[in-house]
1. State whether the residues of region 220-230 include one that is within 18 Å of Gly136 (Cβ to Cβ), of a type in the set (S, T, N, Q) and either at pLDDT 95 or above or open to solvent by 10 Å² or more (accessible area, probe 1.4 Å) (or both).
2. Condition first: among the hydrophobic types (A, V, I, L, M, F, W, C) and closer than 16 Å to Met15 by Cβ. Now tell me which residues in region 88-120 satisfy that.
3. Go through region 257-275 and report how many residues are surrounded by 15 or more Cβ atoms within 10 Å (Cβ to Cβ), farther than 16 Å from Ser222 by Cα and either in contact with a Ser or Thr (Cβ under 9 Å, 6 or more places away or on another chain) or without any contact (Cβ under 8 Å) to a residue 24 or more places away in the chain (or both).
4. Does Met1 satisfy being open to solvent by 40 Å² or more (accessible area, probe 1.4 Å), farther than 30 Å from Arg164 by Cα, aliphatic (A, V, I, L, M) and within 21 Å of the chain's Cα centre (by Cα)?
5. Would you please list the contacts, defined by Cβ atoms under 7 Å and residues six or more apart or on different chains, that run from a residue in region 105-117 that is at negative phi to a residue that is among the aromatic types (Phe, Trp, Tyr) and part of a helix (DSSP H, G or I)?
6. Within region 83-120, track down each residue that is assigned to a helix (DSSP H, G or I) and open to solvent by 30 Å² or more (accessible area, probe 1.4 Å).
7. Mind telling me which of the residues Asp259, Asp292 ends up being at pLDDT 95 or above, assigned to a helix (DSSP H, G or I) and either touching an Asp or Glu at 6+ places or on another chain (Cβ under 6 Å) or not β-branched (Val, Ile, Thr) (or both)?
8. Checking the structure you have, find out if any residue of region 53-71 is in a loop (DSSP other than H, G, I, E, B) and open to solvent by 70 Å² or more (accessible area, probe 1.4 Å).
Amino acid sequence: MLLLNRKDIQSVFTMKESIEAVKKAFMLYSQGKSEVPLRTNIQASKHNGTLLFMPAYVEDIDCASLKIVNIFPDNVKSGLPTAPAQVVLIDAKTGLVSAVLDGTYVTQLRTGAASGAAFDALARKDAKVGALIGTGGQAATQLEAMLCARNLETVRIFDLDPERLNAFVERMRQELGSYGAELIAAASSDEAVEGADILVTMTPSLKPVFNADKVKPGCTVSCVGAYQPHMQEMDPKILPRASKIYFDSQSAVLAESGDIIIPLNDGTISESAFTGELGDVLLGNLVGRENDEEIIVFETVGIGTQDLMAAKAIYDKAVAAKVGTMWE
């Protein structure tokens, strides 16, 4: 069994490769070629936490996985990961565990790559301005994914905590400087969003974190943080303005995401407004962006196939490069 920590993964795997692995995951899922039960969700209410267990299986590659991921937003106050996790990769020919990977980093990679895949497929080709709301544990890979998907000139970033915002922006200027984009700490959500071609929200908020009226025509919006029915970081007013609404998994979003469940329940939208899954766009079964004025929304809650395909791609590269620690 191969043990792969964050440094091991970083040494062999890039965001571009992660986006490609996640694209494959979305296509397999939309083709019905992966078994992905809805994740088991256990509330650790005493500590404002959530315990999540996410299995997946793809017969075509004889591989399965189980991700154990625990969402504890308050960890950010202590400098701890807000989504500590491990991914167990399983050889489905024998049932033996092939590898255990740092699931916190795999989650960061594949979650960022979901937005990256959406932007690669749906965003305007000439997108130059990005916006990111939230600077928690998932934010860095969200930022890198949008920079990887489009040649952005500027990204404006906002967080309710100014100290954390400024520290994040300074760190990202150092870590992602090679992309050449100017990273700006925005004074408000409105300042971040206005004029943006690409918008990512990555927060655990219970109320909308941006004003839909500030979203310009042609913007592609990826909402990532609302993984429970009571969470709602998306301004629901964006949904009637959107030409198309896509999901990673429509069934998972309708079971889990308050961004969609709440406006469905209050009549802001109906299911007839939904376009479908990103995997079907990638497969050519659904149309993507048709003009530069369309507002397009992508809602993602994450599916186990993403973890499986990312972990398998990382494992294969690590084996080839002889990276990691063997545990007999």
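1. Yes, some residue in region 220-230 is within 18 Å of Gly136 (Cβ to Cβ), of a type in the set (S, T, N, Q) and either at pLDDT 95 or above or open to solvent by 10 Å² or more (accessible area, probe 1.4 Å) (or both).
2. Those that are among the hydrophobic types (A, V, I, L, M, F, W, C) and closer than 16 Å to Met15 by Cβ: Val106, Leu109, Ala113, Ala114, Ala117, Ala118, Phe119.
3. 2
4. Values: open to solvent by 40 Å² or more (accessible area, probe 1.4 Å): yes; farther than 30 Å from Arg164 by Cα: yes; aliphatic (A, V, I, L, M): yes; within 21 Å of the chain's Cα centre (by Cα): no.
Spelling it out, it is not the case that Met1 is open to solvent by 40 Å² or more (accessible area, probe 1.4 Å), farther than 30 Å from Arg164 by Cα, aliphatic (A, V, I, L, M) and within 21 Å of the chain's Cα centre (by Cα).
5. Taking only residues 6 or more apart or on different chains, the pairs are Ala117/Phe26.
6. Once the filter is applied, which keeps residues that are assigned to a helix (DSSP H, G or I) and open to solvent by 30 Å² or more (accessible area, probe 1.4 Å), region 83-120 yields only Asp120.
7. Asp259
8. no
The values are calculated or read from the model by the stated rules, or taken from the named source; none is laboratory data. These numbers come from a predicted model, not from an experiment. As a convention, Cβ positions derive from the backbone with ideal geometry for all residues, glycine included, and neighbour counts pool all protein chains shown. Each accessible area value is taken on the protein alone, full model and side chains, heavy atoms only, with ligands, DNA and RNA left out. Shrake-Rupley method; radii C 1.70, N 1.55, O 1.52, S 1.80 Å.
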